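J.: First the structure, then my questions, so here it is.
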Amino acid sequence: MSIKRITGILGFLFFLTAGVTWVAGEAGQGVEGRVASADIVGLVLIGFWIVVGLTDRKLSLRAPIEYRAYLPLLIVYALGVLFAMYPARGLLELVVHVFICVVSLVLYNLYRRMPIDEAAPLALKSILWAGWLLAMIGIVDFFIWPNLLPGPSNGLTGTFRNTGQAGAFFGMYLAIVIPGLLSGLIPRTRFNMFMVGTIVFALVFTSKRAAVIGLAVGLLALGATLLFSPSKRDKKFGITMLAMTALLAPLAYFVFLWGLENIEGMAWRFGKKFSQAAAEDFQEGFLVENIEAAKAAFSVNPLVGVGLGNVAGVITERYEIHSTYLSIIGNAGLLGVIAYAAFMTTHVWQALRAWGPSQFSAYLRYYVPMLIGLLLSWAYTYHLRKREFWIMFFVVSLVIYAAKQVRKNDMTPAERMESGGA
């Protein structure tokens, strides 16, 4: 079996199992509460990369600047662990952060071995199929065969432990595949569009506020980008998106009303998440509690924070800080805020720099507006240790590499010398 085929199979398995968040122990507690099936696949991927490298007698791990920009934040996290009240907790969290980043980087290196016109399309197609299968499992469990899978029944969970994980996952996968569909890296067939629509449907019925709002903002930003683009092709896509939304909205509304009446707990969950009282509770309770926890953790050590894993049970009675931005303030202090800002700025800047006339550049042009929605949703969730984030990061880095290679191949020798190329 060829290296390309094995990479494709292992990649698909990782993209699929990333959406299965059940663990052997108590969630979030110790090793058994953190290791899921995707981590086993991740270890296999690392092992396969080592075997391939040893076979080629060149065991090298190429890290583009987007990945290298993450290193300062990891260093700050490590410093926080040294000064933490419970260093063992912090060390476990640090290992989790490093491990998922390494798996992402291994994926980048394995797919980068393929021809540039095959690697990204293969990865995107695998992610679309994985996301669709997970969405279908969730839909069957929620609408057709209740209690088929373990988990709460008041929202679509499927293979996830809770609706929050499901919503965040589907939102991230949509940010990956929608630009792929628009750019043509994923063929724009009816079935592929149906699969994307299925994932959107599943996301909505998770009732995850941050994910739903993030998707809505991302699609609005994408629609504006398309409609105001000088490209007639982009304008056509924008008009098509609006038309599809107008056609599908009544159907979605009908299904929603049916669900409120026929699915146990759905009306309660919708009222809990989207009512005016829910908004007031969020602003006056949950949000204030997280802000106060971040401030308290920051005050302990303003430079590097209290350290990973040292908020719950130390600053708060039980829970972590539910926000990427507030979490970094509390866990990593001022240095962490600077390192995170540099990391994400590098990611966005590299995507912007790679714009051009190719399909890969088109993907990045459509991805950045979707990222805006994700950045908003991350004000509620912590994304840096989520497998789906690092899958997205790998795909975008792979597309950036492909866009740069296409542009380099189109350059004249004089232009290559001027840009520093060979």
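The values are calculated or read from the model by the stated rules, or taken from the named source; none is laboratory data. What you see is a predicted model, and the numbers here were worked out from it, not measured in a lab. Positions of Cβ are backbone-derived with ideal geometry, glycine not excepted, and every protein chain shown enters the neighbour counts. Ligands, DNA and RNA are stripped out before the accessible areas are found, and what is left, the full protein with its side chains, is counted by its heavy atoms. Shrake-Rupley method; radii C 1.70, N 1.55, O 1.52, S 1.80 Å.
J.: Just need a number here: residues in segment 130-152 that are surrounded by 16 or more Cβ atoms within 10 Å (Cβ to Cβ) and either free of Cβ contacts under 8 Å to residues at least 24 places away in the same chain or not in a helix (DSSP H, G or I) (or both).
T.: Qualifying residue count, segment 130-152: 4.
J.: Looking at segment 274-286, can you tell me whether even one residue there is at pLDDT below 60, loosely packed, with under 14 Cβ neighbours inside 10 Å and of a type in the set (A, V, I, L, M)?
T.: Within segment 274-286, one or more residues are at pLDDT below 60, loosely packed, with under 14 Cβ neighbours inside 10 Å and of a type in the set (A, V, I, L, M).
J.: Next up: Restricting to segment 302-319, what's the tally of residues that are at negative phi and surrounded by fewer than 21 Cβ atoms within 10 Å (Cβ to Cβ)?
T.: 8
J.: Within segment 120-129, which residues are more than 13 Å from ASN192 (Cβ to Cβ) and surrounded by 23 or more Cβ atoms within 10 Å (Cβ to Cβ)?
T.: Listed by number, the residues that qualify are ALA120, ALA123.
J.: Being at pLDDT below 95 and either touching a Pro at 6+ places or on another chain (Cβ under 6 Å) or surrounded by 19 or more Cβ atoms within 10 Å (Cβ to Cβ) (or both): is that true of LEU181 here?
T.: Working: at pLDDT below 95: yes; either touching a Pro at 6+ places or on another chain (Cβ under 6 Å) or surrounded by 19 or more Cβ atoms within 10 Å (Cβ to Cβ) (or both): yes.
Considered against the rule, which asks whether it is at pLDDT below 95 and either touching a Pro at 6+ places or on another chain (Cβ under 6 Å) or surrounded by 19 or more Cβ atoms within 10 Å (Cβ to Cβ) (or both), LEU181 comes out as yes.
J.: Filtering segment 188-225 down to residues that are more than 17 Å from LEU156 (Cα to Cα) and of a type in the set (S, T, N, Q), which residue is least open to solvent (accessible area, probe 1.4 Å)?
T.: Ranking the candidates gives ASN192 first.
J.: Let me ask something else. For segment 318-342: of the residues being among the small types (Gly, Ala, Ser) and in a helix (DSSP H, G or I), which is farthest from the chain's Cα centre (by Cα)?
T.: Per the criteria, the residue is GLY333.
J.: Now, a different point. Restricting to segment 362-382, give me the number of residues that are in a loop (DSSP other than H, G, I, E, B) and closer than 15 Å to VAL396 by Cβ.
T.: 0
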